[in-house]
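Have a look at the structure below, then the notes.
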Amino acid sequence: MSLQQAILQAHIMIIDDQRMSVLMLQSLLKQNGFNNVQAFTDPREGLAHYADAQVDLVLLDIDMPHMDGFQVMEALKGMERGSYIPVLVLTGLQDERTRNRALESGAKDFLTKPFNPVETVLRVRNMLEVRLLHSDIQRQNEILAKERAFVEEIINRMREVSDFETRNIRYLIEPVSTSCGDILLSARPPGGGQHVFLGDFTGHGLCASLGGPIVNDIFYLMTAKGFSMDEILGEMNRKLNAKLPVGMFLAGAFMAVAPDGTVTVWNGGLPELVLFDGDGTIDQRFGSDNLPLGIVGEKAFRVRASTVQPAAGSRLVAFSDGSVETCDVAGEMFGQERMENVLRDIYAGDGDLDRLLAALEDYSGSGRREDDLTLVELALPLTR
């Protein structure tokens, strides 16, 4: 059905206590092809009809007994299924106060009595066109929402793993939507030690989460077969460079703990990783010396990493930029220094990582973030 056909078949309801106005409008609309017009001289009957029917446009008088037009519009707000209330006000009143009040109550346009036939038909057509297009967009959004939920469920299931190693780590994962662009992976190689990877795809939400299953499979399969950190990173980069669209990449941090307790840290595009001593003081930071994964091809990819032998009771902390880039009401970022100070206070106190989330919410002023937030803490040395 074309839009013009839909306009002529749209359900129009007239509420006006003046019978002559009702008859004139009905006749004019039917002469111009509108064949689904119903009228009520009692606004209470009109509201009862609206509650049971799918009405596309209401032509509403203001000055009526029982209920005036303003009261009717307030009642319509409680019955309307969407956010768009299609009301064309009929009024013989010309004063600005009445018009402003009608607009505040939800009216979208006016017809002034006595009606001009050409103007009346044009305004009705225009209102119906907006209403039908709005309804169509609403239906399409509902379809997209269902399809998005279906795709999100598939991706989240693909990202689920039974091999996630929880020993030696604590973590926070706070996505801004159902689909998370951050990934956290943890596994033990067959010869001992532990691999931990924190990744942050470009953006957030559904698009950012699409590459997660690729990285998951590579990390867990290659770790289980005893491949080194360099080899795993190389394969991740090769696959992502081949599969991701231009402009999309994966910033990440890889922490590889050897059986002898030596820790190798690779940082490709994440904020500085921080190594805390047992007393909560900062021992070392590991900045980003590498490009994020997926930007360059296999031949140009290089792994630059740092190696450290941490003292007993140390904690190595990595976090995505959703934390340090949280902004206050003035637009200033939380930043690395505040992040380290909060973590230092946490380790000096009860060690509760959830205090970081509270600090970020207090700082933002709104409790809202624009990006996913993930933090992982690796306790060293490893427990056997």
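Observations on the structure shown:
- Residue check, Gln26 closer than 16 Å to Arg123 by Cα, of a type outside the set (Phe, Trp, Tyr) and exposed (fewer than 12 other Cβ atoms within 10 Å of the Cβ): no
- Only one of the numbered conditions (1) modelled with pLDDT of 90 or more; (2) in a helix (DSSP H, G or I); (3) touching a strand residue (DSSP E or B) at 6+ places or on another chain (Cβ under 9 Å) is violated by Leu378, and that is (2).
- When the stretch 282-305 is limited to residues that are crowded, with 16+ Cβ neighbours inside 10 Å and of a type in the set (Gly, Ala, Ser), the one that is nearest to Lys239 (Cα to Cα) turns out to be Gly294.
- Hits in the stretch 316-333 (condition: aliphatic (A, V, I, L, M) and in contact (Cβ under 8 Å) with a residue 12 or more places away in the chain): Leu316, Val317, Ala318, Val324, Val329
- Screening the stretch 115-133 for residues that are assigned to a helix (DSSP H, G or I) and polar (S, T, N, Q) and picking the one that is nearest to Leu90 (Cα to Cα) gives Thr120.
- Any hit, the stretch 238-258, residues being at pLDDT 95 or above and at positive phi: no
- Matching helices (runs of 4 or more DSSP H) fully within the stretch 1-111 where at least 1 residues are in contact (Cβ under 8 Å) with a residue 60 or more places away in the chain: 3-9, 19-31
- Exactly one residue among Asp371, Asp362, Asp352 is in the same structural domain as Val265 (by TED's automatic domain parsing), among the charged types (D, E, K, R) and within 24 Å of Asn267 (Cβ to Cβ), and that residue is Asp371.
- Any hit, the stretch 308-315, residues being under 33 Å from the mean Cα position of the chain (by Cα), modelled with pLDDT of 95 or more, of a type in the set (D, E, K, R) and within 19 Å of Ile183 (Cα to Cα): no
- If you check Leu270, Leu357, Leu293 for being more than 17 Å from Val196 (Cβ to Cβ), assigned by TED's automatic domain parsing to the domain that holds Asp230 and modelled with pLDDT of 90 or more, only one passes: Leu357.
- Candidate set from the stretch 102-125 (those that are out of contact with any strand residue (DSSP E or B) (no Cβ under 7 Å at 6 or more places or on another chain), over 19 Å from Leu8 (Cβ atoms) and at pLDDT 85 or above); member that is surrounded by the fewest Cβ atoms within 10 Å (Cβ to Cβ): Pro114
- Leu184 being in a strand (DSSP E or B), under 27 Å from the mean Cα position of the chain (by Cα) and modelled with pLDDT under 95: yes
Residue by residue, here is whether (1) touching a helix residue (DSSP H, G or I) at 6+ places or on another chain (Cβ under 9 Å); (2) polar (S, T, N, Q); (3) modelled with pLDDT under 90 holds:
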| residue | (1), (2), (3) |
| --- | --- |
| Arg139 | no, no, yes |
| Arg159 | yes, no, yes |
| Asp163 | yes, no, yes |
| Arg170 | no, no, no |
| His204 | yes, no, yes |
| Pro213 | yes, no, yes |
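- Output for the stretch 102-122, where each listed residue is within 35 Å of the chain's Cα centre (by Cα) and not acidic (Asp, Glu): Ala102, Leu103, Ser105, Gly106, Ala107, Lys108
- Being of a type in the set (Ser, Thr, Tyr) and over 18 Å from Gly193 (Cβ atoms) is true of Ser288.
The values are calculated or read from the model by the stated rules, or taken from the named source; none is laboratory data. Note that the coordinates shown come from a computational prediction; the quantities given were computed from them, not determined experimentally. As a convention, Cβ positions derive from the backbone with ideal geometry for all residues, glycine included, and neighbour counts pool all protein chains shown.
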